[in-house]
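J.: Structure below; questions to follow.
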Amino acid sequence: MADNGGMSIERQELLARFDGLLQPERFKDYGPNGLQVEGRSEIRRLVSGVTASRALIEAAIAARADAIFVHHGLFWRGMDGRITGWLKERIRLLLAHDINLFAYHLPLDAHPLWGNNAQLGLKLGLQGEAAFGEQGLGWMAAADFATAQNLATHVQQVLGRSALCVAGAEGRPIRRVAWCTGGAQGFFEAAITAGADAFITGEISEPQAHLARETGVAFIAAGHHATERYGAPALAAHVADELGLEHAFIEVDNPA
Ligand SMILES: [Zn+2]
């Protein structure tokens with residue numbers, strides 16, 4: 001961790017800073033954004049990660065974190081409210097160590113500078129902006145790749161993992177690339193309508209392979225985790241920098 005001289009901040013001030021940047025009230029989301037589990041009131045060390053998994057929480061405990069900032073928190077629409085099994089264990093660890101858990105889902109995908117889509121675009125060298133789909137979550141950029149396979153190879157090199165690419169039989173040069181990080185296969189048709197030649201997201205489901213073949217718009221599935229691991233550290237590092245907090249991103253590998 002970078003030691004910035006031990007500055008600290010009140011939990012509520014940090015929450016206000018996150019909320020001010022990410023504006024969760026603008027989103028219709030699948031779970032609560034903001035402070036999901038309350039820990040100690042004074043925060044000096046911030047850890048960021050993609051998902052509030054037990055592995056991340058244990059690593060944050062080892063790093064003596066006062067707060068964790070994640071993209072995927074603990075609570076989602078459709079849960080039945082029972083705190084048992086794996087969920088009990090995650091919450092028990094947080095409470096036992098008095099660690100705050102901050103989670104921002106769609107607001108972190110969408111942030112124009114520090115969000116997952118913006119940061120993935122930066123990594124891939126795509127100068128894009130929000131251009132299609134619900135809640136400004138689909139991004140588009142001009143590009144110049146001779147084939148979809150060339151784009152897929154570029155994505156694989158940047159993300160350091162294999163990607164699945166389904167393209168039409170005709171093949172076509174890639175002049176417009178659309179993307180949305182994570183599990184955004186449901187955005188594929190909106191990307192096609194918006195005029196993309198290729199669409200990048202984390203995961204593919206069965207129907208999208210047929211759509212890619214039939215429309216000639218390539219679908220590249222590059223990993224849910226792999227496409228969503230840049231927003232949380234970018235935003236947390238920015239806020240920690242502004243407030244003089246210590247910050248470290250903890251990568252917990254995930255093949256999905
Ligand atoms: Zn996700």
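The values are calculated or read from the model by the stated rules, or taken from the named source; none is laboratory data. These numbers were taken from a predicted model, which means no experiment stands behind them. Note: ideal-geometry Cβ built from the backbone for every residue, glycine included; neighbour counts use all protein chains shown. Note: areas computed on protein heavy atoms with side chains; ligands, DNA, RNA excluded. Shrake-Rupley method; radii C 1.70, N 1.55, O 1.52, S 1.80 Å.
J.: What do you reckon, is ALA130 open to solvent by less than 20 Å² (accessible area, probe 1.4 Å) and touching a strand residue (DSSP E or B) at 6+ places or on another chain (Cβ under 8 Å)?
T.: no
J.: Here is a further query. Report, by residue number, each residue of segment 20-34 that is open to solvent by 50 Å² or more (accessible area, probe 1.4 Å) and either touching a residue at least 12 places away in the same chain (Cβ under 8 Å) or under 15 Å from ALA236 (Cβ atoms) (or both).
T.: Across segment 20-34, the qualifying residues are GLN23, ARG26, LYS28, TYR30, PRO32.
J.: In segment 132-167, what residues are assigned to a helix (DSSP H, G or I), within 18 Å of the chain's Cα centre (by Cα) and at pLDDT 95 or above?
T.: VAL155, GLN156, VAL158, LEU159
J.: Now for a different question. From the list ALA212, ALA236, pick out the single residue that is in contact (Cβ under 8 Å) with a residue 24 or more places away in the chain, assigned by TED's automatic domain parsing to the domain that holds GLY49, open to solvent by less than 30 Å² (accessible area, probe 1.4 Å) and assigned to a helix (DSSP H, G or I).
T.: Criteria check complete, one pass: ALA236.
J.: Restricting to segment 173-187, what's the tally of residues that are within 16 Å of the ligand (Cβ to nearest atom) and either open to solvent by less than 40 Å² (accessible area, probe 1.4 Å) or β-branched (Val, Ile, Thr) (or both)?
T.: Total satisfying the criteria: 7.
J.: Going by the structure shown, is GLU170 touching a Gly at 6+ places or on another chain (Cβ under 9 Å), assigned to a loop (DSSP other than H, G, I, E, B) and within 16 Å of the ligand (Cβ to nearest atom)?
T.: no
J.: A follow-up question, please. Return the total of residues in segment 155-180 being over 27 Å from ALA110 (Cβ atoms) and among the aliphatic types (A, V, I, L, M).
T.: The qualifying residues number 2.
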